[in-house]
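Student: The structure follows.
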Amino acid sequence: MTEQGKFSLKQQRRNRSAWWRYGAIALLLLGIALRLYHLDYKVYWLDEAYTSLRLSGHTRAEFEQTVFTGDVVDWVTLQRYQHPSPDKTLGDTLHSIAAEEPQLTPLYFVLTYGWITLFGHSITAIRSLAVLFSLLAFPCLWWLCRELFPAPKTAWMAIAIFAVAPLHLLYAQEARPYSLWTLTILLSSATFLWAIRTKAPWHWAIYALTVSLGLYTQLLFALVAIAHGLYLFLICRHSTSNPQSAQSARPAHPTVPYLLATLTACLPLVPWLAILTSNLDQAQARISSLDESSSLSAVFNQWLVNTGRGLLGVDLGPVNLLLLVGVGYALLVFYRTAPRPAALFVLSLAGVSFLSLAVPDLLLGGDRSTRIRYLIPAYLGVQLALAHVFSTQVLTIASSTASSNGSSNARSNLGLRRQRGWQLGLALLLSVSLGVGLISAQSRVWWNKSVPRSSYYLPVSSIINQGDRPLVISDRRPIDLLALSYWLDDDIKFQLIFPPQTLAVAPDFAPIFLLNASNRLKKNLAQQGYDLTLRYTDDNAPKAERDRLWQLSLKSNATIER
């Protein structure tokens with residue numbers, strides 16, 4: 001190639017890199033805007049109501065014993081269990097978690113408690129902390145990519161994918177620990193590789209701190225630390241068996257610092273593990289649904305659904321399988337083309353987190369691996385792999401093809417066709433992700449809010465709010481009622497019981513609604529002389545739960561004894 005040709009090729013590469021940086025920055029700004037947009041628009045659903053219950057310092061048992069008595073209570077009484085109480089402290093919040101949900105480590109709740117103390121307890125305020133964690137994840141992602149890959153173009157690609165990925169957009173606006181967990185995964189992984197590279201003892205101390213923070217955010221973070229250990233084992237074995245790659249591989253045998261750092265990180269967790277052990281029955285009750293038997297076909301189908309949701313933010317139906325095949329091919333290309341240390345790290349991160357949940361599901365039954373929020377490390381690993389593949393195949397193949405003047409036309413055309421295929425894949429990934437992000441930002445309910453559990457909040461609350469002196473009666477799903485209360489007017493009254501209590505409907509209210517009622521309660525009210533008229537059917541709910549809202553009216557010939 002002539003000097004003029006070499007100069008032209010370098011100029012093309014610089015122009016291509018500059019264009020991509022500008023594009024990535026634009027997507028980053030769009031991603032930030034989507035994280036901040038309509039923070040209080042989506043329903044404040046069941047899990048978020050649990051968050052506010054914990055922050056209030058009350059327990060679910062206190063709420064039920066005080067409110068589910070059969071007496072008439074007002075909206076303010078319900079909301080008292082969703083806002084910080086003057087007579088409650090951070091210690092009460094920790095006690096609430098330890099007593100009823102000890103499987104949740106408390107870092108997120110401690111940070112959120114301090115946050116709402118400063119900025120208030122509105123939906124916008126409480127969700128804004130999750131947004132902050134998601135924004136802090138960007139520099140950590142950049143750092144991790146620079147530790148893994150030599151070229152900055154991969155880091156820019158990862159930033160672009162992460163910025164508009166609906167999975168991260170949705171959890172950035174949810175008052176739960178998932179965006180904090182994402183942040184700790186990226187931070188600890190970057191710190192881990194940094195400590196290996198520099199060999200500095202104090203860098204390992206920082207890594208130990210990040211692992212401890214991760215464990216206090218989510219116990220499943222242990223799988224991330226295990227993935228780090230697996231990477232060390234594989235990279236040391238690779239360096240030993242491939243002497244020629246020893247120079248380019250990570251420094252060998254940092255096993256002892258890793259083990260010491262991990263052990264040190266686990267020590268602060270011992271007090272909470274003691275709490276978990278002493279309240280193990282409560283923890284098992286809270287996660288018992290994970291062990292419910294599911295058919296293999298149902299598990300496999302949900303894996304396909306989660307492929308579409310995790311990467312593009314939407315269930316693509318039959319196209320999910322095609323997407324899964326495409327991702328599998330991209331991972332194969334990644335393994336073949338990425339620097340071996342980077343490939344081993346990313347695949348360890350994704351593989352350990354997925355297989356640790358999937359294998360028990362396949363052997364013992366359950367649906368642990370179908371809960372998409374538990375698989376955040378796996379999706380991060382896949383996104384890192386895609387970032388490298390797209391950055392190399394889209395931004396590099398063209399230049400290498402252009403420079404191979406001596407190669408055959410057939411070979412050149414094949415390279416161009418492959419490049420266009422990867423360009424199409426990247427365009428689809430980013431455009432669909434951005435489109436889904438824009439649509440979900442305008443939607444009250446999305447799949448991360450459990451459509452079968454929360455899609456009825458708005459239509460049911462609209463019906464109830466239209467009444468002059470409405471009374472809402474219920475004997476089931478107390479936390480759902482707390483979540484629904486955010487959409488109800490503050491003059492609504494409630495009469496709540498638990499079986500086997502009997503209910504005498506309070507006088508002087510109209511209309512009277514029956515919400516999420518048991519068959520036992522409906523039968524009891526019918527025997528008392530009430531007609532039940534179905535007002536709202538929830539087609540998104542399981543069949544047994546579809547009749548959400550009934551209206552009571554006294555039969556013309558009935559008399560009520562009081």
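The values are calculated or read from the model by the stated rules, or taken from the named source; none is laboratory data. Worth saying up front: this structure is predicted, and the values here are computed from it rather than measured. In this analysis, Cβ positions are derived from the backbone assuming ideal geometry, glycine residues included, and neighbour counts consider all displayed protein chains.
Yes/no matrix, rows are residues, columns are (1) crowded, with 16+ Cβ neighbours inside 10 Å; (2) in a helix (DSSP H, G or I); (3) modelled with pLDDT under 95:
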residue: TYR216; (1), (2), (3): yes, yes, no
residue: VAL224; (1), (2), (3): yes, yes, no
residue: LEU234; (1), (2), (3): yes, yes, yes
residue: ARG237; (1), (2), (3): no, yes, yes
residue: LEU260; (1), (2), (3): no, yes, no
residue: ALA274; (1), (2), (3): no, yes, no
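Student: Continuing with the same structure: Would you say LEU488 is touching a residue at least 60 places away in the same chain (Cβ under 8 Å), under 29 Å from the mean Cα position of the chain (by Cα), part of a loop (DSSP other than H, G, I, E, B) and within 30 Å of SER179 (Cα to Cα)?
Tutor: Details: touching a residue at least 60 places away in the same chain (Cβ under 8 Å): yes; under 29 Å from the mean Cα position of the chain (by Cα): yes; part of a loop (DSSP other than H, G, I, E, B): yes; within 30 Å of SER179 (Cα to Cα): yes.
Here the answer is yes, as LEU488 does meet what is asked.
Student: Quick test for you: out of LEU344, LEU380, LEU332, pick the one residue that is surrounded by 22 or more Cβ atoms within 10 Å (Cβ to Cβ), assigned by TED's automatic domain parsing to the domain that holds VAL299 and over 21 Å from the mean Cα position of the chain (by Cα).
Tutor: Working: LEU380 fails: over 21 Å from the mean Cα position of the chain (by Cα); LEU332 fails: surrounded by 22 or more Cβ atoms within 10 Å (Cβ to Cβ).
After ruling out the rest, the residue left standing is LEU344.
Student: Find the residue count for the stretch 491-521, including only residues that are in a loop (DSSP other than H, G, I, E, B) and not hydroxyl-bearing (Ser, Thr, Tyr).
Tutor: Going residue by residue through the stretch 491-521, those that are in a loop (DSSP other than H, G, I, E, B) are 491-492, 497-509, 511, 516-518.
Then drop every residue that is not not hydroxyl-bearing (Ser, Thr, Tyr), which leaves 491-492, 497-501, 503-509, 511, 516-517.
Of the residues in the stretch 491-521, 17 are in a loop (DSSP other than H, G, I, E, B) and not hydroxyl-bearing (Ser, Thr, Tyr).
Student: Still on this model: Can ASP475 be described as surrounded by 20 or more Cβ atoms within 10 Å (Cβ to Cβ) and of a type in the set (Asp, Glu)?
Tutor: Numbers: surrounded by 20 or more Cβ atoms within 10 Å (Cβ to Cβ): yes; of a type in the set (Asp, Glu): yes.
Judged against the criteria, ASP475 is a match.
Student: What residue, of ASP92, ASP87, is touching a His at 6+ places or on another chain (Cβ under 9 Å), of a type outside the set (A, V, I, L, M, F, W, C) and over 26 Å from VAL436 (Cβ atoms)?
Tutor: Working: ASP87 fails: touching a His at 6+ places or on another chain (Cβ under 9 Å).
Unique residue meeting the criteria: ASP92.
Student: Taking the stretch 511-562 as the region of interest, how many residues are of a type in the set (Lys, Arg), modelled with pLDDT of 90 or more and either under 24 Å from ARG469 (Cβ atoms) or surrounded by 17 or more Cβ atoms within 10 Å (Cβ to Cβ) (or both)?
Tutor: 3
Student: Hey, another quick one. Does SER443 meet the test of being in the same structural domain as LEU322 (by TED's automatic domain parsing), of a type in the set (S, T, N, Q), surrounded by fewer than 16 Cβ atoms within 10 Å (Cβ to Cβ) and under 18 Å from the mean Cα position of the chain (by Cα)?
Tutor: Details: in the same structural domain as LEU322 (by TED's automatic domain parsing): yes; of a type in the set (S, T, N, Q): yes; surrounded by fewer than 16 Cβ atoms within 10 Å (Cβ to Cβ): yes; under 18 Å from the mean Cα position of the chain (by Cα): yes.
The answer is yes for SER443.
Student: Just for the stretch 411-466: of the residues that are assigned to a helix (DSSP H, G or I) and among the aromatic types (Phe, Trp, Tyr), which one is farthest from LEU169 (Cα to Cα)?
Tutor: TRP422
Student: How many residues are surrounded by 15 or more Cβ atoms within 10 Å (Cβ to Cβ) and acidic (Asp, Glu) when one looks only at the stretch 287-314?
Tutor: Qualifying residue count, the stretch 287-314: 1.
Student: While we're on this one: Can you give me the number of residues within the stretch 256-302 that are in contact with a helix residue (DSSP H, G or I) (Cβ under 7 Å, 6 or more places away or on another chain) and among the hydroxyl-bearing types (Ser, Thr, Tyr)?
Tutor: Of the residues in the stretch 256-302, 3 are in contact with a helix residue (DSSP H, G or I) (Cβ under 7 Å, 6 or more places away or on another chain) and among the hydroxyl-bearing types (Ser, Thr, Tyr).
Student: Has the stretch 461-472 got at least one residue that is assigned by TED's automatic domain parsing to the domain that holds ARG535, more than 26 Å from ARG35 (Cα to Cα), in contact with a strand residue (DSSP E or B) (Cβ under 7 Å, 6 or more places away or on another chain) and charged (D, E, K, R)?
Tutor: yes
Student: State all residues of the stretch 490-504 that are of a type in the set (A, V, I, L, M, F, W, C) and over 19 Å from LEU78 (Cβ atoms); if no residue qualifies, say none.
Tutor: Filtering the stretch 490-504 down to residues of a type in the set (A, V, I, L, M, F, W, C) leaves 492, 494, 496-498, 503-504.
Once the filter is applied, which keeps residues that are of a type in the set (A, V, I, L, M, F, W, C) and over 19 Å from LEU78 (Cβ atoms), the stretch 490-504 yields only ALA504.
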